[in-house]
Amino acid sequence: MKGTRGTAWAFSRAAPAVLAGLLVAGTAPAPASADYESARKAIERNDIRAGVPALRAAAHDGDPRAQNHLGTLFEDGKIVARDFGRAVFWYRKAAEQGEAQGQLNLGRMYRGGLGIERDERRAAYWYRAAAGQGVGAAQFFLGVMYETGRGVEPDPVKAWMWFSLAAEQGDEDARFRRERLTAVLREGELARAEGALRGYREATAPRGPEPSVPKDEIGSPDRAGAGGGRPGAADNPVVVRGSPRVFRIQGALIGLGYDPGEQDGEPGSRTRDAVRQFEADHGFRRRGRLDDRTLRRLRDALESGKPAATVVREIQTRLRRLGYRPGVIDGRPGPRTRAAVEAFQRARGLPVDGRLSLDLMRELRDAGR
C-alpha cells in the first residue's frame, strides 16, 4: 500500500549490526543532554553506539517522538533484539502523550496481538485517535474495521468516510475500497456518507489549540486520552461526469479487482472489457453491457465476499514469487493455494486463516517490495 501505511516506522533500517546490549542499563553512558533529534540523526547515519543510548535517554525523559522511535527499534529487531512487549510499552508511552505515530503503532500491536493480547476494540480506539490527527494509515485501518465490524459496530457510512480521507492522501487501497462501497451503498446511504465527510471536515477545521477529534461510539478503553487533531485531507469530492449507473459499475469492478480505467461514469472500451472479463470469470455470457443486470451481478459478487479470479491469480503469482507453492496459477482458491497462504501468514505473524482477500493481496504486495 502506498503512503504512510507502507512505512510503520520512521528510521533507517540499514543499520549494520544488532546491538541489544546498548539498551541495557550501564552498557554505555547516556549523553548529558537527551536530545531526540541528535539521537535520530545519529541512528540515520548508522552511529548506533551514540544514537541508541541518546534515544533511550530522550525516551526516559518523556519525549514522545523518542518513545515511539524506541518502540519501532524493538519491533523491527534490526538494531536491537526484537521484543514486542517492550515495543508495546514505548508505543503506549508515546500514544498516551498524543503522539500520532505512537497511536497508530499501538493500534497495530493490539490488532495483530503482538506483544500484547489481541484486542480489536482497543485497536480501533487508538486508530481513531491517530486518524483524528490526519494519519492516513490509521484512517485506512479504521475504515476497514467499520467495513468489517471488527472492534466496532459495522457502519458502511463511516467506513466510506474514513476510506475517502485516506484516499485523498494518496492511498490507493483506500480508494479501491471506497469505490467498492460506492457501488453497493444505497442512494440514501451514499448521501449520508458524503454528509458525514463534510461534517468531519467542518469539525476538524483548525480553530485554535483545543482538540478537534470528533467523538463517536469508540470509548477510551485505556487510561489515556487521545491527542488533538487536524484535518487530514483536502476537499476533493468525487466528480461523476457520465452516467451514475456506469460510475457504480466501475466502482464495483474496481472493488472486485478488475481495471475499468478511470472511474468517471463514461462507458468506454476498458470498462466494457472489464465487464466481459468479470462475466467470463463468473460463468456468464460475455456481453459487456453496462446495464442494471450487470450492476446487480457485480453487487452480488461483492456481497458474497469471494475474491475475483483476477485477484486470486495475483495472489497465486505473488506467493510463487516469494517462494511459496500455490500450485497452478489458475484463479481458483484450491487447497494448495490456501496452504501457501497459511504458510505466508505464519511467516508474517498474521492471523492464520487461509483466506484469500484484498487484505492478503496488500500484504503480499508489501512483502514483495
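The values are calculated or read from the model by the stated rules, or taken from the named source; none is laboratory data. On a predicted model such as this, the values are computed, not experimentally measured, just so you know. Here Cβ is always computed from backbone atoms with ideal geometry, including for glycine, and neighbour counts include all displayed protein chains.
Criterion first (farther than 24 Å from ALA191 by Cβ and under 13 Å from the mean Cα position of the chain (by Cα)) does TYR127 satisfy it? Outline the logic, then answer.
Details: farther than 24 Å from ALA191 by Cβ: yes; under 13 Å from the mean Cα position of the chain (by Cα): yes.
Yes, satisfied.
What do you reckon, is ALA57 among the aliphatic types (A, V, I, L, M) and touching a Gly at 6+ places or on another chain (Cβ under 7 Å)? Full working, then the answer.
Values: among the aliphatic types (A, V, I, L, M): yes; touching a Gly at 6+ places or on another chain (Cβ under 7 Å): no.
Answer is no for this residue.
Can you run down the residue pairs with Cβ atoms below 6 Å, 6 or more apart or on separate chains, where the first is in the range 55-67 and outside the structural domain of GLN97 (by TED's automatic domain parsing) and the partner is surrounded by fewer than 20 Cβ atoms within 10 Å (Cβ to Cβ) and assigned to a loop (DSSP other than H, G, I, E, B)?
none
Quick one: in the range 146-155, which of the residues that are part of a helix (DSSP H, G or I) and modelled with pLDDT under 90 is surrounded by the most Cβ atoms within 10 Å (Cβ to Cβ)?
Residues of the range 146-155 part of a helix (DSSP H, G or I): 146-148.
Pick out the ones that are also modelled with pLDDT under 90 and you get 147-148.
Values: GLU147: 21, THR148: 14.
This residue is GLU147.
Taking LEU106 as meeting all but one of (1) closer than 14 Å to ALA137 by Cβ; (2) touching a residue at least 40 places away in the same chain (Cβ under 8 Å); (3) not hydroxyl-bearing (Ser, Thr, Tyr), write down the number of the exception.
(2)
Which pairs have Cβ atoms under 8 Å, sit 6 or more apart or on different chains, and link a residue in the range 22-49 that is under 18 Å from VAL80 (Cβ atoms) and among the basic types (Lys, Arg) to one that is at pLDDT below 85 and part of a helix (DSSP H, G or I)?
Cβ pairs passing all conditions: ARG49/LEU22.
Within the group GLU202, GLU189, which residue is over 23 Å from ARG121 (Cβ atoms), at pLDDT below 85 and of a type in the set (Asp, Glu)? Reasoning before the result, please.
On the way: GLU189 fails: at pLDDT below 85.
Result of the check over GLU202, GLU189: GLU202.
Identify, from the list GLU189, GLU179, the residue that is in contact (Cβ under 8 Å) with a residue 12 or more places away in the chain, crowded, with 17+ Cβ neighbours inside 10 Å and in contact with a helix residue (DSSP H, G or I) (Cβ under 8 Å, 6 or more places away or on another chain). Give the derivation first.
On the way: GLU189 fails: crowded, with 17+ Cβ neighbours inside 10 Å.
Exactly one residue qualifies, and that residue is GLU179.
Please enumerate the residues belonging to the range 127-145 that are of a type in the set (Val, Ile, Thr) and crowded, with 24+ Cβ neighbours inside 10 Å. Before you say what the answer is, go through the steps one by one.
First pass over the range 127-145, keeping only residues of a type in the set (Val, Ile, Thr): 135, 144.
The answer is VAL135, and nothing else.
Testing LEU295 on (1) over 30 Å from ARG108 (Cα atoms); (2) among the hydrophobic types (A, V, I, L, M, F, W, C); (3) at pLDDT below 85, one condition comes back false. Which one is that?
(3)
Does TYR91 satisfy the criteria of being aromatic (Phe, Trp, Tyr), free of Cβ contacts under 8 Å to residues at least 24 places away in the same chain and under 27 Å from GLY151 (Cα atoms)?
Details: aromatic (Phe, Trp, Tyr): yes; free of Cβ contacts under 8 Å to residues at least 24 places away in the same chain: no; under 27 Å from GLY151 (Cα atoms): yes.
So TYR91 does not fit the description; no.
Residues that are surrounded by 20 or more Cβ atoms within 10 Å (Cβ to Cβ) and over 18 Å from ASN105 (Cα atoms): does the range 58-76 have at least one? Steps first, please.
We begin by selecting, within the range 58-76, every residue surrounded by 20 or more Cβ atoms within 10 Å (Cβ to Cβ); these are 58-59, 63-75.
Adding the requirement that they be over 18 Å from ASN105 (Cα atoms) leaves 58.
The answer is yes; a qualifying residue exists.
Do any helices (runs of 4 or more DSSP H) entirely within the range 54-135 hold 2 or more residues that are modelled with pLDDT of 90 or more and under 16 Å from ILE43 (Cα atoms), and if so, which?
Values: elements: 64-76, 84-96, 100-112, 120-131.
Correct list: 64-76.
Looking at the range 265-273, can you tell me whether even one residue there is modelled with pLDDT under 85 and either closer than 13 Å to ALA252 by Cα or among the basic types (Lys, Arg) (or both)?
yes
Working only within the range 343-362, note down all residues that are assigned to a helix (DSSP H, G or I) and under 14 Å from GLN316 (Cβ atoms). So that I can check it myself, show each step before the final result.
Kept after step one, since they are assigned to a helix (DSSP H, G or I), are these residues of the range 343-362: 343-348, 358-362.
Selection gives ALA343, PHE344, LEU360, MET361.
Taking ILE116 as the residue in question, decide whether it is surrounded by fewer than 24 Cβ atoms within 10 Å (Cβ to Cβ) and either not aromatic (Phe, Trp, Tyr) or not assigned by TED's automatic domain parsing to the domain that holds GLY151 (or both).
On the way: surrounded by fewer than 24 Cβ atoms within 10 Å (Cβ to Cβ): yes; either not aromatic (Phe, Trp, Tyr) or not assigned by TED's automatic domain parsing to the domain that holds GLY151 (or both): yes.
The answer is yes for ILE116.
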